[in-house]
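Peer 1: Quick one: the structure is below, and I'll ask about it shortly.
The values are calculated or read from the model by the stated rules, or taken from the named source; none is laboratory data. This is a predicted model, so every value here is computed, not measured. All Cβ positions, glycine included, derive from the backbone under ideal geometry; neighbour counts span all protein chains shown. Surface accessibility is based on the protein's heavy atoms, side chains included, excluding ligands, DNA and RNA. Shrake-Rupley method; radii C 1.70, N 1.55, O 1.52, S 1.80 Å.
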There are 4 protein chains.
Amino acid sequence: MARQLMKGNEAIAHSAILAGCRAFYGYPITPSSEIAESAALYLPQVGGVFLQAESEVAAINMMYGAAAAGVRVMTASSGPGISLMQEGISYMACAELPCVIADVMRAGPGLGNVGPEQGDYYQVVKGGGHGCYRSIVLAPASAQEAVDLTRLAFHLADEYRNPAYVLLDACIGQVMEPVEFPSETIAPATPEWAVTGTAETRKHVITSIYLDPPDMERHIQKLEAKYRRLEARHVRAERYRTDDAEIVLVGYGIVSRVLQAVVEQLRAHGIRVGMLRPISLFPFPSEILRELAGHARVFATVEMSTGQMVDDVRLALNGRRPVEFYGRCGGVVPSAEEVLDFVAGIAARLANEEVLHG
Amino acid sequence: MARQLMKGNEAIAHSAILAGCRAFYGYPITPSSEIAESAALYLPQVGGVFLQAESEVAAINMMYGAAAAGVRVMTASSGPGISLMQEGISYMACAELPCVIADVMRAGPGLGNVGPEQGDYYQVVKGGGHGCYRSIVLAPASAQEAVDLTRLAFHLADEYRNPAYVLLDACIGQVMEPVEFPSETIAPATPEWAVTGTAETRKHVITSIYLDPPDMERHIQKLEAKYRRLEARHVRAERYRTDDAEIVLVGYGIVSRVLQAVVEQLRAHGIRVGMLRPISLFPFPSEILRELAGHARVFATVEMSTGQMVDDVRLALNGRRPVEFYGRCGGVVPSAEEVLDFVAGIAARLANEEVLHG
Amino acid sequence: MARQLMKGNEAIAHSAILAGCRAFYGYPITPSSEIAESAALYLPQVGGVFLQAESEVAAINMMYGAAAAGVRVMTASSGPGISLMQEGISYMACAELPCVIADVMRAGPGLGNVGPEQGDYYQVVKGGGHGCYRSIVLAPASAQEAVDLTRLAFHLADEYRNPAYVLLDACIGQVMEPVEFPSETIAPATPEWAVTGTAETRKHVITSIYLDPPDMERHIQKLEAKYRRLEARHVRAERYRTDDAEIVLVGYGIVSRVLQAVVEQLRAHGIRVGMLRPISLFPFPSEILRELAGHARVFATVEMSTGQMVDDVRLALNGRRPVEFYGRCGGVVPSAEEVLDFVAGIAARLANEEVLHG
Amino acid sequence: MARQLMKGNEAIAHSAILAGCRAFYGYPITPSSEIAESAALYLPQVGGVFLQAESEVAAINMMYGAAAAGVRVMTASSGPGISLMQEGISYMACAELPCVIADVMRAGPGLGNVGPEQGDYYQVVKGGGHGCYRSIVLAPASAQEAVDLTRLAFHLADEYRNPAYVLLDACIGQVMEPVEFPSETIAPATPEWAVTGTAETRKHVITSIYLDPPDMERHIQKLEAKYRRLEARHVRAERYRTDDAEIVLVGYGIVSRVLQAVVEQLRAHGIRVGMLRPISLFPFPSEILRELAGHARVFATVEMSTGQMVDDVRLALNGRRPVEFYGRCGGVVPSAEEVLDFVAGIAARLANEEVLHG
């Protein structure tokens, strides 16, 4: 397939269909609506179902049904809608049902505004719903990566029978960029555990209820084992000039584009800065951070939030290196200039320390 | 008021009314239903409103309305219902509306079962809804503390204009214990910011929408400053024989009762163990943990989950001391015996280390 | 109480409270919203509950609950909202629960517009919900009558344990007129059949389910007997110059005001015209129509619809006299001029008949 | 296609698909659920959509959407669910959107029971929703007729752009009978007025809002003209031995089977009885009834209700002949014996009259 110019949101819908997605249930909300629009346009053309549900609560429960029937299914929303889906996501995680959820983050708690932010990290990565479960979370930093990670999300959701998020912000979702789609269309087989309306599959049990506590505990431990396997096998991160970096900037999504520019500018001044961009937010690249701590002297997390992913950076490093934080929020994208100032400040402190102690 | 024998759930409802609560909107779910039942029985007697809403989504939005009108309002639910309320809680946090939410935790993600668990910690403490906001979270370990912390929750919610949770588990909620209520009934004044239907209050703006990103960012920073003030002033924790402790067990709610027994048993064998029980989960007693790290050599968190609060313990200590974890889940309460074995193992390792390195 | 100037809608809310109404559940819709607004303002002042529900479906189910608890309860809406309540109204009728519903009719099926119409007659009078049941329907033609009939609706609803409508149109609801309220406030006793949360009332059964067909049939026949008693005792209609009328115009609500003007104008020309204004639409004044058929030669129904009540006029007269129809709809109120033309045409035909046959 | 043994409910779903139905939105309720089950099984096989919605309110609104997009769409429900759909049906009628609704009537207002009844006649035939509109209503009396009338319902719904009901009772829906399907599968063209997501159809306006009263009135008159055309062209009824009948029994659906047996038995005794079975309830066979009144001396309506269709019989005959009524309800099917007694009583009165007057 040839290169096309496309919004990240549209790219996600296209990629989903090529990945075998055949059902979309959702409710429109800016800045995610183009995903639903594209799904509405193209799904019927491949015999799939697009449905605008009564509400996000209805949508996620329809996803439960479609996933139980073995259909690759997705939805897309933004903060408020994602919040409304938390009960259903917890149910799907517990019932081990695959699905893909695109969260195109907007600004603020509450209604906020439709500007870009990264304030849903806690909700999406730590589990906004009740009980002990995790979601797979992939965070693209370009329209092309939105294509690739959507495909991967469907693959991992199916393989691990677990909800998977594609977590992006209004910038990645809205800006047009050239993308290339894989030539291969996936026609997924119906999973053998699905309940497809036939006599044989009627005995398949898909449930999130375990009345006996030891049974429930065994089931939760089974889920935990799955999460550990994900951590062992599916961590993804981009290292950008980190090999000799004394300062490692950490940022995901649109922020990483700013950080890359900052790295270049500071390198031009001889400052050894690199960037680690987590691509999978769960599983989180903790091990890679610990490796980098072998030579890096300080880490600095930049987020479009008041500081959420920074917790996972700190937990990974566990005090081995200092972790600084810089954040903007409310729909404000940090400029390269302000981040440059922030990192230059860190570099200056490092230089002072060397003079004093070194 | 004389001492009475009462379930923790009932105690919460009574205490709420004495704290000036005059509206309850909710939807029943085991093991929280006695709170709603008591509210239904007693609120009308004081001229208050009890309403069983169509769903938890409706309930939380009714709370938004009542809180905006300056009425002290509460709800109660358990995991699935709390998930359904996440959108509304984010809205209330952003609009700076006080409310009290009792989450009587049950087992599991999904439907799970009605046994006790602590698996909602991430959701409740880290913010299960979208965007950058925090909730005040108080975790009682007895029916009497349920009384006291419910009253405090109303007070803090009002003072900080923020949602406050009373977070407990099915054990604390269901077991009958003697409780004593404060003799003073609070008759809260209508807050001056409330919209009460009068011509003067019509101009009061209660909103969660800030279309201009710099405005939204300023508002989020205002919220953050509030959270910092809470951390500075309202941390609550119980220290139990921690003064000379080499091993500090950390646990909240029902778990702390098991830990206390374990501390006693190990102390009888000369092992210097103590317990820190976080009472406020947000703000979290990080500073107290850091103080204890002055003399304690190892920390061990015990939770009825696969490990959620342990993150906050690790973030507080930031690698200064090792943090072990022991958890049970699915409705299983850890026995004193198994926790004793777990802690004895830690004590043995410490003793070995002393021999080897000491 | 002194005379006041008031919209019909506001008058209904005031009258309801004086009639002992202590709960209002609803969802605003033009042109009925002033009823909810007034209820919201005044109910809390008398210790009552006003609640804006999530939807009309939620509102009617809350009414079921309040009515079952023995509280005088009302709602108000317009066409689309009344449609959404049909399931609940059928349930309340079957469970013999009293309530008062104000339907301030707007124009059109669908969204239509907010102009006045009488197109909900079939729905409201014939039973828009499923199964064999009837609602009491009272149709005021002035703000004062809105006061009086709202009070009567509560009385009849309670006495007959059945839903009662106050059916009016946007004109009657919106126009300000002087009204006088009864000086006596009704403080209704809790009905003995209510379920009030006490141990004794726990055994009261309020249900609409009768699994055994003969039981269900007996229950439906019991309801029917009640409807027959209503027809025997509570028919209300206004006769306006009908004593010697050869032509009897039939119209309710705002239409009757036009008809009254037309009667006057035609009487001035010596034409013997009168008007029968049904005040109770169920029970319908069939017997009065049959009496008038003793001397009247022709009947003419005028409605703001395509012809709905005219069926009940025809059923009452059963072919004994011709029944003509004139209707406007869509928010158009028929002018006195056009109705005059219509009636003058009838008068001319009567005159011709006399010449030819008489 | 060969003859098959099938429940009426299943036959409706099969027939719908052969008639080009490609979307089904609904919520299960006894005794209609087999229609949804069959639709769920077969629609996906022809590339269609089956969706169990969150509620009947959601289902009817999804139908609005599908119909607006030019897809042949249906739902099925029973009394309570049909009530919940009334708002949406009024919207579809006003927006001139075709759809087919199967109402498999159960007993009672409220929850009632799942036995057969005909108590939804008022709701379905007179318009249970708000405003001046009518639905096409076809009432099969056998599984085969369920096949034929479902096909016709789709045809008429499309031709007249109006909702059409297939109205049956639990007996016709549940009993297995041999049916034969038409060999021809209909592949309906997308109507030219549909909004199909293309640039050209974006300008098509499908709405139920007409803010200007004269516009709304014109639109309602356009709908009325359509209803008159339906009355002129599409009346359907079965005459059974009515040619020389002195007594004409009138009944639809399952009742007509009882009446047919009664006719045979009375004819064996020389009593001239016949039956008129309305097949289309709207348009109603008023003209045929008037023709029969030329020779028949008395009419007797038998219904499984307290008397609803009998109004339309009386309106048709307008006093020209007496109209008797016999009804059972609550899930009780009248036996041939009791109806025989009822009709024999009428016959005896006729004989007496002849003796006295004749």
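Peer 1: Over all directions, average the projected area of the Cα convex hull of segment B:102-204 and note it in nm². If you can, show how the numbers build up before the last one.
Peer 2: Details: hull surface 35.9 nm².
That works out to 9.0 nm², a quarter of the Cα hull's surface.
Peer 1: May I ask you to work out the translational diffusion coefficient for segment D:154-198 at 25 °C, viscosity 0.890 mPa s, via Stokes-Einstein with Rh from the Kirkwood sum over Cα pairs, reported in whole µm²/s? Working shown, then result.
Peer 2: Working: Rh = 14.1 Å.
It diffuses with D of about 174 µm²/s by this estimate.
Peer 1: Then there is this: Return the carbon/sulfur percentage of the accessible area of the protein assembly as shown, one whole number, probe 1.4 Å, all protein chains in place. Before the final figure, lay out each step's value.
Peer 2: Working: 25570 of 49140 Å².
Solvent-exposed carbon and sulfur of the protein assembly as shown make up 52 percent of the total.
Peer 1: Now for a different question. Between the helical axis of C:8-18 and the dominant principal axis of chain C, each derived from Cα atoms, what acute angle in degrees is found, rounded to the nearest 10?
Peer 2: Once rounded, the angle reads 40 degrees.
Peer 1: Here's something else I'd like to know. Compute log10 of I(q)/I(0) for segment A:280-329 with the Debye formula, placing one identical point scatterer on every Cα and leaving out solvent, at q = 0.13 Å⁻¹, to two decimals.
Peer 2: -0.28
Peer 1: Same structure, new question: How many square angstrom of accessible surface are buried between C and D, both sides summed, with a 1.4 Å probe and rounding to 100?
Peer 2: That pair hides around 4500 Å² of surface in total.
Peer 1: Identify, among B:P213, B:G274, B:V57, the residue whose Cα sits farthest towards the positive end of the charge dipole of chain B, taking +1 on the Cβ of Lys and Arg and -1 on the Cβ of Asp and Glu, with the dipole about the Cα centre.
Peer 2: Value: B:P213.
Peer 1: Taking only Cα atoms, what is the 0 to 90° angle, nearest 10, from helix D:336-357's long axis to the longest principal axis of chain D?
Peer 2: Between the helix axis and the principal axis of chain D, the angle is about 50 degrees.
Peer 1: In addition: How tilted is helix B:213-233 with respect to the longest principal axis of chain B? Cα atoms for both, answer in degrees (0 to 90, nearest 10).
Peer 2: So the inclination is approximately 50 degrees.
Peer 1: Using the structure shown, select from B:K203/B:K226; A:K126/A:K203; B:K126/B:K222; A:K126/B:K222 the pairs with a Cα to Cα distance greater than 26 angstrom.
Peer 2: Pairs exceeding the cut-off: A:K126/A:K203.
Peer 1: Can you tell me the dipole magnitude for chain B around its Cα centre, using point charges on the Cβ only (Lys, Arg +1; Asp, Glu -1), in Debye to the nearest 20? Write out the running numbers ahead of the final one.
Peer 2: Values: 31 positive and 41 negative charges, 111 e Å.
Taking the Cα centre of chain B as origin, the dipole is about 540 debye.
Peer 1: Quick one: pull the percentage of alpha-carbon pairs in chain A with a separation above 26 Å.
Peer 2: Working: 31745 of 63903 pairs.
Beyond 26 Å sits 50 percent of the P(r) for chain A.
Peer 1: If you take the C-alpha gyration tensor of segment B:221-358, multiply each eigenvalue by 5 and take the square root, what semi-axes do you get, largest first, in whole Å? Kindly include the intermediate steps, with their values, before the conclusion.
Peer 2: Working: eigenvalues 135, 64, 34 Å².
After diagonalising the Cα gyration tensor, the semi-axes are 26, 18, 13 Å.
Peer 1: Counting only heavy atoms of the protein chains, get the accessible area per residue of the protein assembly as shown (1.4 Å probe) and round it to a whole Å² value. Walk me through the intermediate numbers first.
Peer 2: Working: 49140 Å² over 1432 residues.
Spelled out: the 1.4 Å probe surface of the protein assembly as shown, per residue, equals 34 Å².
Peer 1: Quick one: compute the contact order of chain D, relative version, from alpha carbon pairs under 8 angstrom and 6+ residues apart, as a percent.
Peer 2: Answer for chain D is 18 percent.
Peer 1: Kindly give the distances from D:L5 to its copy-mates, label point to label point, with each label point 7 Å from Cα along Cα→Cβ, as nm values to one decimal ordered shortest first.
Peer 2: 6.5, 6.7, 7.9
Peer 1: Compute, for the protein assembly as shown, the length of the dipole vector about the Cα centre, with Cβ point charges of +1 (Lys, Arg) and -1 (Asp, Glu) only. Units Debye, rounded to 20. Mind dumping the intermediate values first?
Peer 2: Numbers: 124 positive and 164 negative charges, 1 e Å.
Charge dipole, the protein assembly as shown, about its Cα centre: 0 debye, nearest 20.
Peer 1: Given the options A:Q174, A:Q260, A:Q221, which has the most mean-square fluctuation in a GNM of chain A, springs set between C-alpha atoms less than 10 angstrom apart?
Peer 2: A:Q221
Peer 1: Report the residue of chain A with the smallest Cβ-to-axis distance, using the rotation axis that brings A onto B, in whole Å.
Peer 2: Closest Cβ on chain A to the axis mapping it onto B, in Å: A:G319, 1.
Peer 1: Around B:D169, which amide H atoms from residues at least 5 apart in sequence, or from another chain, sit under 5 Å from its own amide H, with H modelled in the peptide plane?
Peer 2: B:M105, B:I254
Peer 1: Something else now. Suppose we compare each residue of segment A:212-236 in its chain alone and in the full protein complex with a 1.4 Å probe; which ones drop by at least 20 Å² of accessible area?
Peer 2: A:P213, A:M216, A:E217, A:I220, A:E224
Peer 1: As I understand it, the dipole of segment A:201-358 uses +1 on the Cβ of Lys and Arg and -1 on the Cβ of Asp and Glu, about the Cα centre. Which of A:G253, A:V310, A:V339 lies farthest toward its positive end?
Peer 2: Positive-most Cα among the choices belongs to A:G253.
Peer 1: Assume the label is 7 Å from Cα along Cα to beta carbon: what separations in nm does D:P28 have to the matching positions in the other copies?
Peer 2: Taking the point 7 Å beyond Cα along Cα→Cβ, the inter-copy spacings are 2.6, 3.3, 4.1 nm.
Peer 1: Roll a 1.4 Å probe over the protein heavy atoms and report the accessible area of A:H219 in Å², nearest 10.
Peer 2: Accessible area of A:H219: about 10 Å².
Peer 1: Taking only the alpha carbons of segment B:1-100, what extent do you get along each of the three principal axes, in Å, biggest first?
Peer 2: For segment B:1-100, the Cα spread along each principal axis is 40, 28, 20 Å.
Peer 1: State to the nearest 20 debye the size of the charge dipole of segment C:231-358 about its Cα centre, where the only charges are +1 on K and R beta carbons and -1 on D and E beta carbons.
Peer 2: Details: 15 positive and 17 negative charges, 47 e Å.
With Lys and Arg at +1 and Asp and Glu at -1, about 220 debye.
Peer 1: Normalising by the residue count of segment D:208-358, find the relative contact order in percent from Cα pairs under 8 Å and 6+ residues apart.
Peer 2: Values: 210 pairs, mean separation 34.6, N = 151.
With pairs under 8 Å counted, the relative contact order is 23 percent.
Peer 1: What Kirkwood hydrodynamic radius do you get for the protein assembly as shown when you take the inverse of the mean 1/r over all pairs of distinct Cα atoms, in Å? Present the calculation step by step, with values, prior to reporting the outcome.
Peer 2: Details: mean 1/r = 0.0286 Å⁻¹.
Averaging 1/r across every pair of different Cα atoms and inverting gives 35.0 Å.
Peer 1: Mind telling me which of B:N113, B:N162, B:N318 comes out most flexible in a GNM of chain B, alpha-carbon contacts under 10 Å?
Peer 2: B:N318
Peer 1: On to the next question. With the Cα gyration tensor of segment C:160-229 giving a ≥ b ≥ c as the square roots of its eigenvalues, does the rule (a/c under 1.5 for rounded; else a/b larger than b/c for prolate; else oblate) give rounded, prolate or oblate? Could you put the intermediate results ahead of the total?
Peer 2: Working: a/c = 3.00, a/b = 1.60, b/c = 1.87.
Oblate shape, in that a/c is at least 1.5 and b/c is the bigger or equal ratio.
Peer 1: If you consider only alpha-carbon coordinates, what radius of gyration and Dmax does segment A:184-269 have, in Å?
Peer 2: In order Rg, Dmax, the Cα atoms of segment A:184-269 give 23.0, 70 Å.
Peer 1: For segment D:49-168, max minus min Cα coordinate along each principal axis, in Å, sorted largest first?
Peer 2: For segment D:49-168, the Cα spread along each principal axis is 37, 31, 30 Å.
Peer 1: Along Cα→Cβ at 7 Å, what distances in nm separate the C:R320 label point from those on the other copies, shortest first?
Peer 2: Label point to label point, same position, other copies: 2.1, 9.8, 10.0 nm.
Peer 1: Per q in 0.18, 0.19, 0.28 1/Å, what log10 I(q)/I(0) does a Debye calculation on the alpha-carbon atoms of segment D:89-143 return?
Peer 2: -0.70, -0.76, -1.19
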